[in-house]
Amino acid sequence: MNELNQKTARDNILARLRNNRMTQSASPAPYLPSYGWSQAEKIQRLSERMQAVRGEVHRMPRTDWVGWLNQELPKRKLHNILLGETANAELFRAQADAALTLHRYDRVIEDWKQDLFKQVDVGITDTLGGIAESGSLILWPTPQEPRLLSLVPPVHIALLEADKIVDNFAQAMHQQHWSEHMPTNALLISGPSKTADIEQTLAYGIHGPKQLIVLILE
Amino acid sequence: MKPPERVYFFGTCLIDMLYPKAGLAGMQLLRQAGIKVIYPKDQTCCGQPAFNSGYRDEALSVARSLIKCFPQNIPVVVPSGSCAGMIKQHWAELFADQVDAEAAAEIASRTYELTQFLVDVLDLKLKDLGKPVKIAVHTSCSARREMGVAEHIESLLGQLDAVELVQQERKAECCGFGGTFAIKQADISGAMVQDKTTSLRATGAERVISQDCGCLMNIGGAFDKQAQDKGKGPVTQHIAEFLWERTHASN
Amino acid sequence: MHQTEAFHQRIDKALHNEQARTSFRSTMSGLMQKRAAQFPDNDELQALRDQARAIRAHALTRQPELLEQLEQKLTANGIRVHWAETAQQANEIIYQILHAADAKTLVKGKSMVSEETELNHYLEQRNIEVLESDLGEFIIQLAHEPPSHIVAPAIHKNVKQVAELFHQFFPELGYTENIDELTLLARQILRDKFANADAGISGVNFAVAETGTLCLVENEGNGRLSTTAPRLHIAITGIEKVVAKLSDIPPLLNILTKSATGQPITTYFNMISRPRQPDEKDGPQAVHLVLLDNQRSSIRMDEELLDTLRCIRCGACINHCPVYVQVGGHAYGTVYPGPIGCVLEPQRLGLEKTGILTSACTMCGACAEVCPVRIPLPKLINRLRAESVNAARSEAHINGKGSLRKLTESQAWAIWRLLYASPRNYRLFRWFATRLRGLTPTRLGAWTRYRSSIKPAPRSLQELAQQEGFDHE
C-alpha cells in the first residue's frame, strides 16, 4: 500500500467512526485504591506474591547485598555477571569476588548480541520500585541499564529498596507521575518467565529468565 | 411487600400442555397459603421460543395477546424461570417502540417466578409430611442468571426435614436445553445433557428437582432414553409438584 | 458447502475427538476455578467490572479523537502509524515495512489480529521466515493448525502429541514427554531465533492515546524478546484497542489477567512508547503500529452491537461457555471461538458466512456473568439471530442479513403465531393435542436422538384449574 492509499484508509476509517452520533458515555470515575498497608505489610505481601510464582525473595540491610552476592553467586555456580553502568553496578564492580567474571553492558546490542545470548549467566538491575498487591517489580530501563539486561540472562537479580514499595499499580503511576514522562519502555516484572501452554501445566523459564531473585534492601 | 389477596397465575405453554400437574401444584400451594389464584383462560405463551430464534415479529404478536390476560394490578406468578425471565428481562426489548411498551413494562414489574414469590413475598413456611428422600436440584440458567433466584429453591427445600439435598458436579452448568438449540444443535445439546445426567446420576439422588420444565423435559427425557444402558435415572419433578406432594395435608 | 452443513461436520468431528474433549473439560474447569479464586469479594468484583466497562465504553464513544491523539503521540514519540481498512491492506503494509528494511526472518509474539489477517501465510508466500514464539502458538505452527482458544492456543493437544511433534521436527533434541523438559527444548530452539531475527511482530493489549504507549501482557517473555531484540518491531492491533488515559490501564490490567487465567498479574507487563533513542543501547531502531479496522468501524455504527468492541480478549466467556467446552475452538471454524466469536465473527465476516455460529448458544448467560467489561453476549447473539433471519429489520451494517431465513422454518413460526397469538386457535390446537396424544410420534427428529419423546398430557392445566375450582378472571 502506498502513502496515498494509506491516507485514504485513514480518512475512510475516521469518517466511518465520525459518521454515527453515539450516545456519549460518561467518563469513568477515577481509580486510585489505597490499602494503607504499613511497610512491613507491603514487604510481606510482595514477598508472598513473588514466592507464589517461584520468585526468590531475600530481605537484607541495604549495606549487605554486595556481600550476599559475593557469597551466593559462586555457590550457585553463576560466574558470568552482566551489569549496567549505574551507581549500584559500579559499587558491585568495585567489591566483586575475584572468581566472578563481570561484563559491562556498555555497547549497542548489535556489537555483541550473540555473546549476550550465549555467555551471560546473570543480569543484575536496580528497580524503580515494587507493587505489593500483585508482587511486581517496576523497571524503567535506561541507557545505563538497557532493556535486555533483565530479559536475556537466565537469572535476573533485582535490587528493590523497601521504601519504594507501593500498594498497587495505580498508586505507583500516580505518585511517580508516569503520564507526564513515559520512558521508551516501562515494565512490571512479577516472577520468572513461565508458561502453561502444554496441558495448562505451569513450567518456568520458557523465554525470559528462569530465575528471578529479588533483594529487598532495608 | 405485604402478601396480596389475589394473584394471576401464568401457567406457561409448556406446562399447560405437557406438565399441567406442576402448574396445578403451584396454584394449590398458593391457595393453601390463603391467596386467591386467578388462571386467565386466554393465556398462551410469553413469546420466548420465537424471540430466541430470531423471529421477533412472531414473538411480539404472541406476547401481545398475553398482555391482555393480566389487566388488574396484582402479581403475575410464573412457575418457570425462563418464562418469567422473558417477561422481566426481554419484553422491554421485544416491545421497544411499540404502542403497548408501557403495558408490557407494567406487567413485567409485577411478574414473579414461583419460588421467588413463595420466598420473597409470602415467606412461606413448610412442614414436611413425606418420607425421607434424597434429591438433587438443577437450577435453570434463567432462574439463576436472569431472575437471580438460584437460592430460593434451595431455601424452600431446606425447610423439609426428611429431604436430603445432594450436590452434583458442575451444578451451575447449563443442561443443554436452550429451546430450539436442542433441535438446531442437537448433537451439542445431546453431549451437554449427557454430561448433566452423568453428574446427576453420580449423586445417587432419587429425584431431580427444578423450577423449569424445559430443563426437566431435557434431563428427564435423557434419563428415559438412557434407561436401557444405564438403568432408570432419578425421577424428575417440578419444584411446585414436589412441595405440594410433601406438604399438603391429605397426603 | 453451505455454512450450516460445514459447521455440523466440524461439530461432529469435534464431538468424536475424546482426547481433545477431555483437554477442554479439564482446562476450562481449572480456568474457571482459578478465576473465581481471584475474586473472593463479589462487591469488589462488580465495582471493578463497572470500572472496566466504563473505561472501554468511554473510549469507544471517543474513538475517532482518541485514535487521532494516539497517532499524534506515537508519531511524536517516533513510532510510525499505519492504517488498514482490510486484512489484505494490513498484510501489504507489514510486508512493505519488512521489505524496505530488508528483513527476512521474523519472530512473532502472540497476536489474534494477525490471525485475523492470516499474516503468517501471506509473509511465507513472500519468502519471509515467520516464527511464532509463544509456546502454544509455536506448537500449533508446527502442527499447521489454527489456535483453539484465544488465550491457550494449543490446549486441544496433550503432552504426548506435543512431544511427538517436537520429535518430528527436532529429532536431534531427543524425545521427552516431560513438560518442563519440553519447555526447555522450546527455549533452546527459539533462543537462536530471537538472537538472529531481523524483525519482531507483536499484538497490543491496550494502546494509550494520552501518552502514545503500546501495552503488552504476557508470561513467557517472548513478547518482550520479540519487541526488544530485533532491530525492527511491528505491532498490529484493532482500532478498538485504544483507551484514553494511562490511568485507565491499572484497572483494565487487573481485571484482564484475573479474568483470563486467574492470575493476579502476568509475569510481564510491557509498555512501549518509543523506538530506541540515540543514547540507548538496545531495543528496535524502528517501531511501527498497524491499526486495523476490518469491519470494526461498521460494528460501531449500531448502538447495541458496538458493545462487542468493548472486548479486551480475556477469554473468560470462552472458559465459561458450556458449548465451547464440548466442542472446542476448531469447531467454530473462525479465528475467535466461543461466545465472543459467536458475536464478533458473524459481524466481521458476514451472516451469510458465519451466521450459523449464533445458533451455538443455549442463552445460559454464563458468559455475560463473567465478562469483565459487561458485554451482554447472549443479548447480542439473540440480536444477530434476528438479523440473520430478517433482511430488513434494522439498519445495522452487517453483511448477509436474512441469509439464514429458511422457508420451512419461517413457515413453522408463522403457524406458531397463528396458534399462539389467538386464544381461540390455541384452545382448539390444545384440545386436539391433548385428545389425540396417543398419536404423538415416538421419534421427534433430533430431539429423540438423545431423549425420549414428548407427549401432551391428557388434560391441560387450564382444564385442571377449572376442575379444581380456580377462577379464570
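The values are calculated or read from the model by the stated rules, or taken from the named source; none is laboratory data. Predicted model, so just to flag it, every value in this text is computed and none were measured. FYI the Cβ positions are ideal-geometry reconstructions off the backbone, even for glycines, and counts take in every protein chain you see.
Within the range B:75-108, restricting attention to residues that are closer than 23 Å to B:K2 by Cα and in contact with a Phe, Trp or Tyr (Cβ under 6 Å, 6 or more places away or on another chain), which residue is surrounded by the most Cβ atoms within 10 Å (Cβ to Cβ)? Ranking the candidates gives B:V78 first. Could you tell me whether any residue of the range A:114-130 is within 7 Å of another protein chain (Cβ to nearest Cβ) and farther than 30 Å from C:L246 by Cα? So far as the range A:114-130 goes, yes, one or more of its residues are within 7 Å of another protein chain (Cβ to nearest Cβ) and farther than 30 Å from C:L246 by Cα.
In the range B:32-40, the condition of being at pLDDT 95 or above, within 18 Å of the chain's Cα centre (by Cα) and either more than 20 Å from C:A465 (Cα to Cα) or hydroxyl-bearing (S, T, Y) (or both) is met by at least one residue. How many residues, within the range C:406-426, are assigned to a helix (DSSP H, G or I) and either in contact (Cβ under 8 Å) with a residue 12 or more places away in the chain or of a type in the set (S, T, N, Q) (or both)? Looking only at that region, the number is 5.
Per the listing B:T203, B:T198, the residue uniquely without any contact (Cβ under 8 Å) to a residue 24 or more places away in the chain and more than 8 Å from chain C (Cβ to nearest Cβ) is B:T198. Quick one: how many residues across the range C:4-34 are part of a helix (DSSP H, G or I), more than 14 Å from chain A (Cβ to nearest Cβ) and either over 16 Å from A:E199 (Cα atoms) or not charged (D, E, K, R) (or both)? Residues in the range C:4-34 being part of a helix (DSSP H, G or I), more than 14 Å from chain A (Cβ to nearest Cβ) and either over 16 Å from A:E199 (Cα atoms) or not charged (D, E, K, R) (or both): 12 in total.
Restricting attention to the range B:24-43 and to residues that are in a loop (DSSP other than H, G, I, E, B) and buried (at least 24 other Cβ atoms within 10 Å of the Cβ), the residue that is farthest from the other protein chains (Cβ to nearest Cβ) turns out to be B:Q43.
May I ask you to say which residue of C:R427, C:R435, C:R383 is over 28 Å from the mean Cα position of the chain (by Cα) and either closer than 22 Å to B:Q48 by Cβ or at the interface with chain B (Cβ under 8 Å from one of its Cβ atoms) (or both)? Before the answer, list the steps.
Numbers: C:R435 fails: either closer than 22 Å to B:Q48 by Cβ or at the interface with chain B (Cβ under 8 Å from one of its Cβ atoms) (or both); C:R383 fails: over 28 Å from the mean Cα position of the chain (by Cα).
So the residue among C:R427, C:R435, C:R383 that is over 28 Å from the mean Cα position of the chain (by Cα) and either closer than 22 Å to B:Q48 by Cβ or at the interface with chain B (Cβ under 8 Å from one of its Cβ atoms) (or both) is C:R427.
Residue-level check: of (1) among the β-branched types (V, I, T); (2) under 30 Å from B:F181 (Cβ atoms); (3) loosely packed, with under 15 Cβ neighbours inside 10 Å, C:T75 misses just (2). Just one of the listed residues (B:E173, B:E113) is within 30 Å of B:K68 (Cα to Cα) and under 17 Å from the mean Cα position of the chain (by Cα), and it is B:E113.
Of all residues in the range C:66-77, those being at the interface with another protein chain (Cβ under 9 Å from one of its Cβ atoms) and of a type in the set (D, E, K, R) number 2.
Restricting attention to the range C:386-402, the residues being in a loop (DSSP other than H, G, I, E, B), within 12 Å of chain B (Cβ to nearest Cβ) and in contact with a helix residue (DSSP H, G or I) (Cβ under 9 Å, 6 or more places away or on another chain) number 6. Report whether or not C:N382 is among the polar types (S, T, N, Q) and not in a helix (DSSP H, G or I). So C:N382 does not fit the description; no.
Determine, yes or no, whether C:P339 is within 14 Å of the chain's Cα centre (by Cα), at pLDDT 95 or above, under 20 Å from C:E240 (Cα atoms) and within 14 Å of chain B (Cβ to nearest Cβ). Yes, satisfied.
Is at least one residue of the range A:190-197 among the charged types (D, E, K, R), free of Cβ contacts under 8 Å to residues at least 12 places away in the same chain, facing another protein chain (nearest Cβ under 8 Å) and farther than 23 Å from A:D106 by Cβ? Yes, that holds for at least one residue.
Residues that are over 30 Å from C:D102 (Cα atoms) and among the basic types (K, R) within the range C:211-266 comprise C:K245, C:K258, listed in sequence order. I'd like to check something: does the range C:453-461 contain any residue that is closer than 30 Å to B:E93 by Cα, outside any loop (DSSP other than H, G, I, E, B) and either among the acidic types (D, E) or more than 7 Å from chain B (Cβ to nearest Cβ) (or both)? Looking through the range C:453-461, none of the residues is closer than 30 Å to B:E93 by Cα, outside any loop (DSSP other than H, G, I, E, B) and either among the acidic types (D, E) or more than 7 Å from chain B (Cβ to nearest Cβ) (or both).
Within the range A:18-66, the set of residues being modelled with pLDDT under 95 and buried (at least 18 other Cβ atoms within 10 Å of the Cβ) comprises A:P28, A:Y31. Every condition in (1) within 30 Å of C:L351 (Cα to Cα); (2) within 11 Å of another protein chain (Cβ to nearest Cβ); (3) charged (D, E, K, R) is met by C:K241 except one, and the failing one is (2). For the range A:1-36, the set of residues classified as of a type in the set (D, E, K, R) and more than 7 Å from chain C (Cβ to nearest Cβ) consists of A:E3, A:K7, A:D11, A:R21, listed by residue number. Within the range A:173-189, the set of residues being surrounded by 24 or more Cβ atoms within 10 Å (Cβ to Cβ) and more than 7 Å from every other protein chain (Cβ to nearest Cβ) is empty.
Criterion first (part of a helix (DSSP H, G or I), within 11 Å of chain A (Cβ to nearest Cβ) and more than 29 Å from C:Q96 (Cα to Cα)) does C:P250 satisfy it? So C:P250 fits the description; yes. Against the criterion of being within 10 Å of chain A (Cβ to nearest Cβ), within 25 Å of C:A207 (Cα to Cα) and among the basic types (K, R), C:R80 does not qualify. Pairs linking a residue in the range B:17-41 that is in the same structural domain as B:C83 (by TED's automatic domain parsing) to a residue that is at pLDDT below 95 and in a strand (DSSP E or B), with Cβ atoms under 9 Å and 6 or more positions apart or on different chains, are B:K36/C:D471; B:V37/C:D471; B:I38/C:D471; B:Y39/C:D471. Being surrounded by fewer than 15 Cβ atoms within 10 Å (Cβ to Cβ), part of a helix (DSSP H, G or I) and polar (S, T, N, Q) is the filter here; which residues of the range A:67-118 pass it? Listed by number, the residues that qualify are A:Q71, A:Q95, A:Q114. Determine if the range A:152-169 includes at least one residue that is surrounded by fewer than 24 Cβ atoms within 10 Å (Cβ to Cβ), at the interface with chain C (Cβ under 7 Å from one of its Cβ atoms) and within 23 Å of C:A229 (Cα to Cα). Within the range A:152-169 (the criterion being surrounded by fewer than 24 Cβ atoms within 10 Å (Cβ to Cβ), at the interface with chain C (Cβ under 7 Å from one of its Cβ atoms) and within 23 Å of C:A229 (Cα to Cα)), the answer is no, since none of the residues qualifies.
Answer yes if at least one residue in the range C:228-237 is part of a helix (DSSP H, G or I), at pLDDT 95 or above, within 22 Å of C:S111 (Cα to Cα) and at the interface with chain A (Cβ under 10 Å from one of its Cβ atoms), and no otherwise. Checking the range C:228-237: at least one residue is part of a helix (DSSP H, G or I), at pLDDT 95 or above, within 22 Å of C:S111 (Cα to Cα) and at the interface with chain A (Cβ under 10 Å from one of its Cβ atoms).
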